[in-house]
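The values are calculated or read from the model by the stated rules, or taken from the named source; none is laboratory data. Source: prediction; values computed, not measured. So basically every Cβ, Gly included, is an ideal-geometry build from the backbone, and we count neighbours across all protein chains shown.
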């Protein structure tokens, strides 16, 4: 026994040492791991914990407004609130259901389907005004999210120009081109979350407040846009066309006042700048302008059109309505003689012909500040074929956008200056800094003398030529029609045409240029028959607008006086308008004598019972100005029907209010 005690002691000590070593090593491991967690991994773990408890959230900034030339909102962002519920978090379901129904102005049963749902999360489909926030902000289980949807107060009236918003970014039009200016400054916030990673109501800290975006003011006039849209849509329907374009510009500064494109019933395309077409006869004035400008011909020079057909380079050119014989160059342009213009253009060298068209802006993009603009097609003379010079003279083998053509006619209207089209008038950034966008002349193409001569011929087109349906009885209008076969998939479509008309008025001192193009109209397809009436209706509506869209001070001096003296014209008007008055009635009521003022007198028609628009058009046709109040059908006029008034006088209309009448 005694002998084994030392061995036992040694074994016991060994065991103790092993246990101690294990304890020391374990302690060291625990301390080391603790040190690793707290010292080395501590900051990272702390960050993970904070991220679990607090979630960074972006706060959208309101997108800046787009305005028309008069400050009328075309595109704005209104604050709205999106409401969601977490049914399992609602403490008092009946009470919250009732509160939501009252605050959101919804049916209780509808709200109950959300608050009693077995789903974890339910979102109301519509958004609500920000005023609901005060009642719902701290309600458990109810969550509010701020948003700024884009709103177009005038519907799709100008969406083709404005563009749209997708995923917070501008797509197309002004929204895309000026996206950097319009986009609001994004804010930041920290939202506290519970153990289940759900936001805690009311636990949000704003780190960086959002900011509103800048503002863009356009040159568009919303009234002219509406007028253009109405008349183009009516023409498309009446002619059964597939679509069309209408452009209105101010030739004195290049401002785009209206731009409408409608295709297959949609007004969301912008083919007025993106889709070129062969212009046909609307190009002929530029061929003639090139001849006169370069001293190669005068409008008085004559050309022999034969029987209205001409064979050149194994190709026969025909006049649509052949007059035949020898005629002046001005008359050839007035009646749109293909033979006359093509023969006269033979003196143009290829270089001069090309440079003349290029100078008027064809074959190059206009530079309008909108995405997707097409440049059209004007080939260099090196690429011309044997027929090219003749084709170009009468508007073929060239393609232009409606905007290019409108700007070129602007140069004819303003004395020879080609302007860069201006669609944006002013830009204001988020800090309020204003940048005015100036008008810019690209070049002087021809002299005022040349444009005056061409304009006088184009007035003849309206009065005696192919554009009679675009004329106004009160102002001289200059313009030109065009009809071309539609080109598609490498060839001309059988029986398909583009019909167009470009006009400017008043011819002596133009304030607007209007272009209309109709795509593939059915039936009568000539530009003078289909597009010209749209020009006339648009000009009439502009003149008749209750808000004066033109400078009436200068217009007053340009009205066309009637050709007949009072008694005859008054009797004709009385008969045509069925106002039931005689010549003696007119003279006795007006107390006038036959003198120099007699030729400006007209009879006030009876327009009671007509819609406002119809009445305004009828009265304007007589050379009178109009102002009216109310909407709907006309109740009374001042002066009354049957009285004699002078052209230029203002007639007051009173109409009863109705739903959309007038």
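Here are the numbers for the structure shown:
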item	result
Residue within region 302-319 that is in contact with a helix residue (DSSP H, G or I) (Cβ under 8 Å, 6 or more places away or on another chain) and either free of Cβ contacts under 8 Å to residues at least 24 places away in the same chain or part of a helix (DSSP H, G or I) (or both) present	yes
Among residues of region 230-258, those that are buried (at least 20 other Cβ atoms within 10 Å of the Cβ) and closer than 16 Å to residue 519 by Cα, counted	11
Selection status of residue 95, modelled with pLDDT of 70 or more, in a helix (DSSP H, G or I) and in the same structural domain as residue 140 (by TED's automatic domain parsing)	yes
Matching entry among 399, 439 (being under 19 Å from residue 511 (Cα atoms) and in the same structural domain as residue 340 (by TED's automatic domain parsing))	439
Unmet criterion (only one of (1) touching a strand residue (DSSP E or B) at 6+ places or on another chain (Cβ under 7 Å); (2) at pLDDT below 85) for residue 197	(1)
Criterion (out of contact with any strand residue (DSSP E or B) (no Cβ under 8 Å at 6 or more places or on another chain), touching a residue at least 12 places away in the same chain (Cβ under 8 Å) and buried (at least 20 other Cβ atoms within 10 Å of the Cβ)) met by exactly one of 409, 354, 419	354
Any strands (runs of 3 or more DSSP E) falling wholly within region 111-181 and containing at least 3 residues that are at pLDDT below 90 and either surrounded by 13 or more Cβ atoms within 10 Å (Cβ to Cβ) or not assigned by TED's automatic domain parsing to the domain that holds residue 214 (or both)	142-147
Flag if residue 323 is assigned to a loop (DSSP other than H, G, I, E, B) and over 35 Å from the mean Cα position of the chain (by Cα)	yes
Hits in region 491-505 (condition: modelled with pLDDT under 90 and crowded, with 24+ Cβ neighbours inside 10 Å)	505
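Residues are listed down the side, and each one gets a yes or a no for (1) at pLDDT 85 or above; (2) within 18 Å of residue 320 (Cβ to Cβ):
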residue: 455; (1), (2): yes, no
residue: 460; (1), (2): no, yes
residue: 468; (1), (2): no, yes
residue: 472; (1), (2): no, no
residue: 477; (1), (2): yes, no
residue: 480; (1), (2): yes, yes
residue: 484; (1), (2): yes, yes
residue: 489; (1), (2): no, no
residue: 516; (1), (2): yes, no
